[in-house]
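Okay, so here's the structure we're looking at.
The values are calculated or read from the model by the stated rules, or taken from the named source; none is laboratory data. Model, not experiment: these values are computed from the prediction. Ideal geometry is used to build each Cβ from the backbone, glycine not excepted, and the neighbour counts take in all protein chains shown. Just the protein is used for accessible areas: all its heavy atoms, side chains included, with ligands, DNA and RNA removed. Shrake-Rupley method; radii C 1.70, N 1.55, O 1.52, S 1.80 Å.
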Amino acid sequence: MCLANRVIGYASASLLERLEPEFFRTIVVRILESRTASKQARRSALQALVEACPWGANRAKIVEADAIHALIELQLDQMSSGEKLATELAFDLLARLCTSADGRERLVGHAAGLAVVAKRTLRVSAATDDRAVQVLGMVARYAAGKEEVLTEMLRVGAVTKLCMVMQADCAAYLKEKARGILREHSAFWNNSPCIAVYLLTWYPR
């Protein structure tokens, strides 16, 4: 896996565009879903998938390989492990895959998908926070007409975490992202207890 990661890092664009779906499926099944894979192998696998993501066709293949389900399950297993780098890579990959409708659908379709994103926000690193807010923003942006998605974001604490981002010691741009998400759906979320906090920060300070 380490060798494959190095090859992808140095490979030409024409080669990366021709990677077969089975390549991605093998990484997901034999590394990300494996209970016996080493931490180094998992980190290399995540890095390889991130490196392959700039090409839309590869993103679609990675999503089809059920990588999002594997990422969520991996985060559930590592919730208390302190694997900072692996979590940052996983959320980087998750954010890239959620740029597609299929990716977002698979995240929302996982029973713990949105809950894991919310849980990891403000608990790992600034890089993870950036990607987590990006994921929540994309899910919320394309949730128009899908009240169940907005309700789920409220139920699992994602809305509360967005309010907390605005109060935390985060970068100004990240607070603005959180503010934008809350503002866009404030009419739906106005009964949330955290919205009172949000209203106090409606205007930039």
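Quick check on my filter: what residues within region 72-98 are of a type outside the set (Lys, Arg) and touching a Gly at 6+ places or on another chain (Cβ under 9 Å)? Explain how you work it out, then say what you get.
Just the residues of region 72-98 that are of a type outside the set (Lys, Arg), to begin with: 72-83, 85-95, 97-98.
Within region 72-98, ILE72, LEU94, LEU97 meet the criteria.
Which of the residues spanning region 46-64 are more than 16 Å from the chain's Cα centre (by Cα) and open to solvent by less than 20 Å² (accessible area, probe 1.4 Å)?
If the condition is that a residue be more than 16 Å from the chain's Cα centre (by Cα) and open to solvent by less than 20 Å² (accessible area, probe 1.4 Å), then ALA48, ALA52, ASN58 are the ones that fit.
Counting just the residues of region 15-45 that are among the charged types (D, E, K, R) and in a loop (DSSP other than H, G, I, E, B), which one comes out least open to solvent (accessible area, probe 1.4 Å)?
We begin by selecting, within region 15-45, every residue among the charged types (D, E, K, R); these are 17-18, 20, 22, 25, 30, 33, 35, 39, 42-43.
Checking which are in a loop (DSSP other than H, G, I, E, B) leaves us with 17-18, 20, 33, 35.
Numbers: GLU17: 98, ARG18: 151, GLU20: 119, GLU33: 76, ARG35: 183 Å².
That would be GLU33.
Identify all residues within region 135-145 that are open to solvent by less than 60 Å² (accessible area, probe 1.4 Å) and either charged (D, E, K, R) or closer than 20 Å to LEU85 by Cα (or both); write none if there are none.
VAL135
Testing LEU71 on (1) open to solvent by less than 60 Å² (accessible area, probe 1.4 Å); (2) in contact (Cβ under 8 Å) with a residue 40 or more places away in the chain; (3) not small (Gly, Ala, Ser), one condition comes back false. Which one is that?
(2)
I'm checking my understanding of the structure. Among residues of region 74-119 that are open to solvent by 50 Å² or more (accessible area, probe 1.4 Å) and among the acidic types (Asp, Glu), which one is nearest to THR151 (Cα to Cα)?
Residue satisfying both the conditions and the ranking: GLU105.
Check LEU122 against each of (1) part of a helix (DSSP H, G or I); (2) open to solvent by 40 Å² or more (accessible area, probe 1.4 Å) and name the one condition it does not meet.
Of everything listed in (1) part of a helix (DSSP H, G or I); (2) open to solvent by 40 Å² or more (accessible area, probe 1.4 Å), LEU122 misses just condition (1).
This table checks each residue for (1) in contact with a Cys (Cβ under 9 Å, 6 or more places away or on another chain); (2) at pLDDT 95 or above; (3) over 19 Å from GLU51 (Cβ atoms).
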residue	(1), (2), (3)
ALA65	no, yes, no
GLU88	no, yes, no
VAL116	no, yes, yes
ARG155	no, no, yes
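Residues checked against (1) within 25 Å of ALA168 (Cβ to Cβ); (2) at pLDDT 95 or above; (3) among the hydroxyl-bearing types (Ser, Thr, Tyr):
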| position | (1), (2), (3) |
| --- | --- |
| SER44 | no, no, yes |
| GLN78 | yes, no, no |
| GLY113 | yes, yes, no |
| VAL124 | yes, no, no |
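Enumerate the pairs (first residue in region 146-174 and open to solvent by 70 Å² or more (accessible area, probe 1.4 Å); second residue anywhere and among the basic types (Lys, Arg) and assigned to a helix (DSSP H, G or I)) with beta-carbon separation below 9 Å, excluding pairs fewer than 6 apart on the same chain, so at least 6 apart or on different chains.
GLN167/LYS175
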